[in-house]
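For reference, the structure is listed below as structure tokens.
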Amino acid sequence: MTVRELLEKIKQKAEIEDSKEDLGVLNAYVKPSSLRSLLIYMRDSLGFDWMSFMTALDMPQENTIEAVYELFSNSSKDSARIKVKLSRQAAEVETVSDIYRTAEWHEREAAEMFGITFKNHPHPENLILTPDIKAPLRKDFSGGDMKRMPE
Amino acid sequence: MEQKTAFEIQELTSDEYVLSMGPQHPATHGVLRILLRMDGEVVVNLQPDPGYIHSSIEKICENRKYDQVMPYTDRMDYLSAVSYNLAYALAVEKLMGLEVPNRGRHIRVILAEMNRIMSHLLWFAAYGIDMGALTPIWYAFRERENLITLIEMQTGNRLTHHALRIGGVKNDLPTGFVEGLNKFLENFNDMVDEYEALFIDNVIFKARTKSIGVLKKENAISYGVTGPNLRASGCDIDLRKLAPYSGYENFSFEVCSEKNGDSWDRCKIRMNEMRQSASILRQAIDTLPEGEISAKAPKIIKPTPGGCYAKVEGPRGEVGAYVVSAGTDKPYRVKFRSPSFSNLSALNEMCAGVKIADLVAIMGSLDIVIPEIDR
Amino acid sequence: MENGEEMELIRELLYNSGEPLSEFYRWLHKAWAGFSVPPVFLDLMIQFAVAAAVFGFVAVNALWIIYYERKFSAKLQIRIGPNRVGPLGLLQTVADTVKLLIKEDINPSKVDRVVFILAPGIVFLGTFLTMLVIPFGNGLIAADLSIGILYILAVSGLAVIGLLAGGWASNNKYSLMGGMRSAAQIVAYEIPVLVVILGIVMLAGTMKMGGIVEAQAGYRWFVIYQPIAFLIFLIAANAEINRAPFDLPEAESELVSGFITEYSGMKFAFFFLAEYTNLFIVSAVAVTLFLGGWEGPFFPPFVWFIIKTYAVVTVLMWMRWTFPRIRVDHLMQFSWKYLLPIALVNLLVTAIVIKFI
């Protein structure tokens, strides 16, 4: 499946805000509301049975946080990168941990690292960090005693 | 600071109690804590609690230049440093459109497969300790020592070798390396057979691992379990075959897979993989091409803006690096996908109703490395 | 007594003609009559001397057996083993013991103090008392009780109280699990041992340790008549002294160290001492019951006894350093489902054969 074909297929199922091809991989920005239905469709009908990881990108200049879902199909060897744009002030998105179980831990990590809230997450507590550190992977993070390392 | 707990005390029935296994426990292979809800010797439920050695590598990477990131990638999976090196290098090279010369790719394969054998040997050693057999560790370390000596010849380091550079490898193979590797490979298969007979085929060992910790295929896929753990569940997915990188398509080897998905199958697969890796090493030595070992990479690496996810088959599964470039000399974001992270998240699925001794056997058979989970 | 007579006595002690110990005892009493002190003090002194001798043997033997195990396991594991302290590392265990002795005696704040301190003593006591009836040579036995073997079974059962008490008093979940495991394990494995020993007692016609050895005189060792019983005894006894592959109560990778998790210093040393003495005792009992005790050509009986005992010790060590640990429910099943029925059948067959042949 080429990137164009894939885009055509998922366009019918979800509201795609924007899309681009990045080194042969589809990057599709979907509306947060249609993320879950799109992932279910991709898993069940397009053979994307595999979620490699879920993470986030902080874009302060656009005032957004992108949630990134990297999907892979073991049968057709296709990759797809689904992204959701969230506002930095109120980053909130539905959990997909019941669609891909691996997302449960990845979402917990993204939640504590970027300050995203995943609605309906089964274990919303922190996974790796202690609760007193808030969103360290955001670009404007400055922990109390964090210093820049000499280069 | 509030304590993370998986279970409320009120939830417990009068037969049950909470056992905090770790962060300092001999069987957790590092600093991992597992909260167990126990009924006598039986595990009712469990909740892993990683994060004790979180080292913030992803944040550090954002503040380093592209080539300066490489040494940090060693530190995640310190048992097979080359797999993270390789994933990161592949991602950056793809962003830059850099082509690695044949000899460089070959040396990468040799190093990666040596790392795989080293890592599996260490797993074998540690699993022996987990199961209460105290002798296998010495045999495995004897073999591993030979490989480490060779790697030290090549890179100057024993564990976190920082062997790869963006565009190729640091050093060419030194004189005596190929002979040394040949000598090691000569009787390596016999050694693996012997260890298998001594330990993996032992009656007590079989009784403790067969049909223990069964992970079903669909669960394994949903949890993102990779590597030998996935292949034990009857899914012969190996990225070296499925999406070849670094010239793996030129080597012939078998993807080892088993059907039952229990602890014993996972062990069996690792033993078989060592044999396959030895076979790849033999081929790699025989077909070692002449030429450059490294492409000409610019002094200051500034890839075009964009993101790239490169993945390799590490000893524990899919090792991936998602590098996002903003067109500057530093990566905008680096995300490392670590196989142990996903593998450990499936632990609860395998452990319902097992004994605490089984829990140790299952965790050992998953072959987790803690720094890679915490990153 | 003249010098020559002393030599004669020592020779008799070693070469088992008559009852040298009691003769020695009579001679002491005769000498004591010269002083105007009641003979009861002499008896007390003799008893203390015997106790001290046994304790000395236990301590020195444990030192040596630990060194032996470390060297033996090193050979199996392509290592060298201790080789720094003293010639060939012989003083390594001495150094370790001194370290344990001068360590701070830590009582964690949450432990049940009295029981916590008593537990190692109880464990050691059970082991120590067993030593009394081990026949090192003909007549070379601290007390040849008429119920010798029964006494061993009874006294070695004391240890489980200590283990359980130690596990309970430590106030640690791992310790408690270790204590519970050891109790379950020792109860389960004592029964096959008992049944197997019954067969031997039927063959020998006595429960006296010396009598059992004498019944095997002329190289009619019971291992020839009771090979299955010998195997069952080795396995079950190995399980009873909590050594790998049956080291569940202190399973390192599961329970950290089981019942000894909270112990350190001298209290830990007592557990350790008891463990290695138990290893010796189990082997000594196996030699007595199955391998003809002190019997053997050329060497004095005492030497033969030690040689045979250490041979059995070596086999047990070999087992320990080869096998992975067995799981707790498999352990129980193995005892109740396999060892006990086989032992019972063995006993029945032995009884029938003795009755009709």
Selection status of residue C:299, touching a residue at least 12 places away in the same chain (Cβ under 8 Å) and either more than 21 Å from residue C:123 (Cα to Cα) or not assigned by TED's automatic domain parsing to the domain that holds residue C:119 (or both): no
Elements of type helices (runs of 4 or more DSSP H) contained in the stretch C:183-280, each with 2 or more residues being under 24 Å from residue C:344 (Cα atoms) and hydrophobic (A, V, I, L, M, F, W, C): C:209-215, C:222-225, C:227-240
Any hit, the stretch C:151-170, residues being within 15 Å of residue C:249 (Cα to Cα) and not in a helix (DSSP H, G or I): yes
Out of A:48, A:114, sole residue that is hydrophobic (A, V, I, L, M, F, W, C) and more than 30 Å from residue B:241 (Cβ to Cβ): A:114
Search result, residues across the stretch A:58-67 that are among the polar types (S, T, N, Q) and either open to solvent by less than 10 Å² (accessible area, probe 1.4 Å) or under 13 Å from the mean Cα position of the chain (by Cα) (or both): A:64
Residue that is nearest to the chain's Cα centre (by Cα), among those in the stretch B:344-367 that are facing chain A (nearest Cβ under 9 Å) and part of a helix (DSSP H, G or I): B:344
Residues of the stretch C:204-224 satisfying the condition of being touching a residue at least 60 places away in the same chain (Cβ under 8 Å), open to solvent by 60 Å² or more (accessible area, probe 1.4 Å) and within 29 Å of residue C:332 (Cα to Cα): C:207
Number of positions in the stretch C:87-144 that are among the charged types (D, E, K, R) and open to solvent by 80 Å² or more (accessible area, probe 1.4 Å): 6
Any pair with Cβ under 7 angstrom, 6 or more apart, that starts in the stretch C:174-187 at a residue that is more than 11 Å from every other protein chain (Cβ to nearest Cβ) and ends at one that is among the hydroxyl-bearing types (Ser, Thr, Tyr): C:175/C:261
Candidates B:88, B:66, B:52 - the one that is more than 14 Å from chain C (Cβ to nearest Cβ), open to solvent by 20 Å² or more (accessible area, probe 1.4 Å) and either without any contact (Cβ under 8 Å) to a residue 60 or more places away in the chain or more than 30 Å from residue C:322 (Cβ to Cβ) (or both): B:52
Answer residue from the stretch C:318-357, given it is open to solvent by less than 80 Å² (accessible area, probe 1.4 Å) and among the basic types (Lys, Arg) and is farthest from the chain's Cα centre (by Cα) among those: C:327
Search result, residues across the stretch B:332-343 that are more than 8 Å from every other protein chain (Cβ to nearest Cβ), part of a helix (DSSP H, G or I) and not hydroxyl-bearing (Ser, Thr, Tyr): B:339, B:343
Top-ranked residue of the stretch B:72-85 - restricted to ones that are in a helix (DSSP H, G or I) and under 28 Å from residue B:24 (Cβ atoms), ranked as farthest from the other protein chains (Cβ to nearest Cβ): B:81
Members of the stretch B:105-139 that are assigned to a helix (DSSP H, G or I) and within 11 Å of chain C (Cβ to nearest Cβ): B:126, B:127, B:128, B:129, B:130, B:136, B:137, B:138, B:139
Any chance residue C:175 is within 20 Å of residue C:285 (Cβ to Cβ) and either among the basic types (Lys, Arg) or part of a helix (DSSP H, G or I) (or both): no
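Okay, residues lined up against (1) surrounded by fewer than 18 Cβ atoms within 10 Å (Cβ to Cβ); (2) in contact (Cβ under 8 Å) with a residue 60 or more places away in the chain; (3) more than 11 Å from chain B (Cβ to nearest Cβ); (4) part of a loop (DSSP other than H, G, I, E, B):
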| position | (1), (2), (3), (4) |
| --- | --- |
| A:6 | no, yes, yes, no |
| A:9 | yes, no, yes, no |
| A:17 | yes, yes, yes, no |
| A:27 | no, no, no, no |
| A:41 | yes, no, yes, no |
| A:51 | no, no, no, no |
| A:56 | no, yes, no, no |
| A:69 | no, no, yes, no |
| A:83 | no, no, no, no |
Residue match in the stretch A:102-117 (condition: surrounded by 21 or more Cβ atoms within 10 Å (Cβ to Cβ), part of a strand (DSSP E or B) and without any contact (Cβ under 8 Å) to a residue 40 or more places away in the chain): no
Given (1) free of Cβ contacts under 8 Å to residues at least 24 places away in the same chain; (2) open to solvent by 70 Å² or more (accessible area, probe 1.4 Å), index of the condition residue B:156 fails: (2)
Filter result for the condition that a residue is open to solvent by less than 10 Å² (accessible area, probe 1.4 Å) and either of a type in the set (A, V, I, L, M, F, W, C) or farther than 28 Å from residue B:98 by Cβ (or both), over B:137, B:221, B:148, B:204: B:148
The one condition in (1) closer than 26 Å to residue B:168 by Cβ; (2) open to solvent by less than 10 Å² (accessible area, probe 1.4 Å); (3) touching a Lys or Arg at 6+ places or on another chain (Cβ under 6 Å); (4) away from chain A (no Cβ under 14 Å) that residue B:289 fails to fulfil: (2)
Among the residues listed as C:50, C:54, C:37, C:60, the single one being at pLDDT 60 or above and either in the same structural domain as residue C:141 (by TED's automatic domain parsing) or not in a helix (DSSP H, G or I) (or both): C:37
From B:216, B:296, residue being charged (D, E, K, R), modelled with pLDDT under 85 and open to solvent by 20 Å² or more (accessible area, probe 1.4 Å): B:296
Lone unmet requirement of (1) open to solvent by 90 Å² or more (accessible area, probe 1.4 Å); (2) in a helix (DSSP H, G or I); (3) touching a helix residue (DSSP H, G or I) at 6+ places or on another chain (Cβ under 8 Å) for residue C:45: (3)
Where residue B:277 falls short, out of the listed (1) within 11 Å of another protein chain (Cβ to nearest Cβ); (2) crowded, with 17+ Cβ neighbours inside 10 Å: (1)
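Residues are listed down the side, and each one gets a yes or a no for (1) at pLDDT below 90; (2) within 29 Å of residue B:326 (Cβ to Cβ); (3) within 12 Å of chain B (Cβ to nearest Cβ):
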position	(1), (2), (3)
A:86	yes, yes, no
A:98	yes, no, yes
A:117	yes, yes, no
A:140	yes, yes, no
A:151	yes, yes, yes
Residue check, residue C:254 open to solvent by 10 Å² or more (accessible area, probe 1.4 Å) and either acidic (Asp, Glu) or in contact with a strand residue (DSSP E or B) (Cβ under 9 Å, 6 or more places away or on another chain) (or both): no
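The values are calculated or read from the model by the stated rules, or taken from the named source; none is laboratory data. If you're wondering where the values come from, they're calculated on a predicted model, not measured in any experiment. In this analysis, Cβ positions are derived from the backbone assuming ideal geometry, glycine residues included, and neighbour counts consider all displayed protein chains. Heavy atoms of the whole protein, side chains included, go into the accessibility calculation; ligands, DNA and RNA do not. Shrake-Rupley method; radii C 1.70, N 1.55, O 1.52, S 1.80 Å.
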